[in-house]
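A quick write-up on the structure given underneath.
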Amino acid sequence: MNSHVQMIRNLLKYTFGLVPIVAGLDKFTNILTDWSQYISDGMAGMLPFEPSAFMMIVGMIEIIAGILVLTKTKIGAYVVSAWLTAIALTLIFSWSYVDVAVRDLVMAIAAFSLAKLSENNMNNTSK
């Protein structure tokens, strides 16, 4: 694989590996933000527990997804891409934090690109 493409792949790999882990850990501490604010009132009313507990579950999923990107990049990148798309759609449907939804869709495209680059990398190394 071209060294520039490999550098971009690695940059995306560590970005989409570490950022979900940090964001996931922050669901337990709320240092970066109060994550429960991103849950719409309608969704919060449907939860069988507090929104903060729901966000801790989300945090665990994000930590696992980040670890997956770091260890099984192609699969992890597809998972992160789907996860970010689901978050964006939830925000769009509730019409709250639409700016965050747009950002998450852009990041989903980048994560999908990482998956494709990793797929290409796997094909090149098996030849």
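The values are calculated or read from the model by the stated rules, or taken from the named source; none is laboratory data. Just so it is clear, the structure is predicted and the values come from calculations on it, not from any experiment. Cβ: placed from backbone, ideal geometry, glycine included. Neighbour counts: every protein chain shown.
Residue by residue, here is whether (1) in contact with a Ser or Thr (Cβ under 8 Å, 6 or more places away or on another chain); (2) hydrophobic (A, V, I, L, M, F, W, C) holds:
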| residue | (1), (2) |
| --- | --- |
| PHE16 | no, yes |
| PRO20 | no, no |
| LYS27 | no, no |
| SER40 | yes, no |
| GLY45 | no, no |
| SER52 | yes, no |
Counting just the residues of region 57-98 that are in contact with a Gly (Cβ under 9 Å, 6 or more places away or on another chain) and polar (S, T, N, Q), which one comes out farthest from LEU25 (Cα to Cα)? SER94
Could you tell me whether any residue of region 114-126 is out of contact with any strand residue (DSSP E or B) (no Cβ under 8 Å at 6 or more places or on another chain), of a type in the set (Val, Ile, Thr), modelled with pLDDT of 90 or more and surrounded by fewer than 16 Cβ atoms within 10 Å (Cβ to Cβ)? no
Any idea which residue in region 29-50 is nearest to VAL98 (Cα to Cα), counting only those that are in contact with a helix residue (DSSP H, G or I) (Cβ under 6 Å, 6 or more places away or on another chain) and without any contact (Cβ under 8 Å) to a residue 40 or more places away in the chain? ILE39
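Tally time: how many residues in region 79-100 are under 24 Å from LEU68 (Cα atoms) and buried (at least 16 other Cβ atoms within 10 Å of the Cβ)? Step through it out loud before you land on a result.
Step one: list which residues in region 79-100 are under 24 Å from LEU68 (Cα atoms), which gives 79-90, 100.
Imposing the further condition that a residue be buried (at least 16 other Cβ atoms within 10 Å of the Cβ) reduces the set to 79-81, 83-85, 87-88, 90.
Within region 79-100, residues that are under 24 Å from LEU68 (Cα atoms) and buried (at least 16 other Cβ atoms within 10 Å of the Cβ) number 9.
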